[in-house]
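Notes for the one structure printed next.
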Amino acid sequence: MRERIWKIGKRVFDVSRHGLIMGVLNVTPDSFSDGGEFLTADKATERGLQMAAEGAHIIDVGGESTHPGSEPVTVDEELRRVIPVIENLRRKLDVPISIDTSKAEVARAAIQAGASIVNDVTGGRGDDQMLPLVAETKSAFIIMHMQGTPRTMQIQPRYTDVVAEISEFFRQQYARAIGLNIDPMAIAFDPGIGFGKTVEHNLELLAQLERLRAHDRPLVVGVSRKSFLGKLIGSPEISDRLVPGLALSALLRARGADVFRVHDVKENVYALRVTEAILQRAK
């Protein structure tokens, strides 16, 4: 298997050998699956420590819900939610911390508090200071695709060719990032499953995942507890989405995914471990 490197701060991860589990830590009252569970800094910190103990390679801290129909929060409110949590986790953990934000001011404060990855649902389009900030701070950067905004993205999303259009978006944003002196080895891409996509769009993207790879950079996927899983299995219960999500983690690792953004860390760590044990013997 060809070596694929992701540079996160001073660390280098070979994601071709071992995929990475990114634990979702929502410090919000309204996230779709765990809103309000970890709203205080103490509870969020406890959850972050638990995810690291379960094997999470990255903790992804977010203070603004981006589920369909959600409204933005102010910079001050987002900072109030995430900065104490990042500071607490940085003191107690050695794993990389990601800040899930589209605001450069929030990203800067998070990096100063100890984050080393910026995970931007707008892919650098939401704030014209984001890409220069990533370059300045030498942070890792996840460029995600989203059609529209969280408030509007699921109102009749349309594509002529969803795979080709998102591939082109990745190429354009990569060129912008490199032009602003972001380290190409620090970039990863996320097709944004469920962010301005129908069930069919999601399935098409996942079925043709390797076509989305730009410049041999890592691919991040986030299918954990997403509503399209419930539609596929015919169940409205979020708890019923765990098993199909685990099945997808295993399948997508075999089909080229490198980083998995998940809520259920332990279960996905186990699924990844078994999948990779087989893949390493199937060369």
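General observations
- Complete set of residues in the range 170-181 that are in contact with a His (Cβ under 8 Å, 6 or more places away or on another chain) and either at positive phi or open to solvent by less than 20 Å² (accessible area, probe 1.4 Å) (or both): Phe170
- Qualifying residue in the range 133-140 (condition: closer than 17 Å to Glu204 by Cβ and outside any helix (DSSP H, G or I)): no
- Qualifying residue in the range 236-259 (condition: out of contact with any Phe, Trp or Tyr (no Cβ under 9 Å at 6 or more places or on another chain), more than 29 Å from Phe169 (Cβ to Cβ) and crowded, with 16+ Cβ neighbours inside 10 Å): yes
- Residue that is at pLDDT below 95, at negative phi and not in a loop (DSSP other than H, G, I, E, B), where the choices are Glu210, Glu267, Glu276: Glu210
- Residues in the range 105-131 that are assigned to a helix (DSSP H, G or I) and either in contact (Cβ under 8 Å) with a residue 60 or more places away in the chain or touching a strand residue (DSSP E or B) at 6+ places or on another chain (Cβ under 9 Å) (or both): Val106, Ala107, Ala109, Ala110, Ile111, Ala113, Met130, Leu131.
- Odd one out for Val265, checked against (1) touching an Asp or Glu at 6+ places or on another chain (Cβ under 6 Å); (2) exposed (fewer than 15 other Cβ atoms within 10 Å of the Cβ); (3) of a type in the set (A, V, I, L, M): (2)
- Pairs with Cβ under 7 Å, 6+ apart, first in the range 84-96 and under 17 Å from Val27 (Cα atoms) and open to solvent by 50 Å² or more (accessible area, probe 1.4 Å), second modelled with pLDDT of 95 or more and not in a helix (DSSP H, G or I): Glu87/Gly114; Arg90/Ile97; Arg90/Gly114
The values are calculated or read from the model by the stated rules, or taken from the named source; none is laboratory data. Keep in mind the model is a prediction, meaning the values are calculated, not measured. Glycine also receives a Cβ, built like all others from the backbone with ideal geometry; neighbour counts cover every protein chain displayed. For the accessible areas, the whole protein counts, side chains as well, though only heavy atoms, and no ligand, DNA or RNA atoms are used. Shrake-Rupley method; radii C 1.70, N 1.55, O 1.52, S 1.80 Å.
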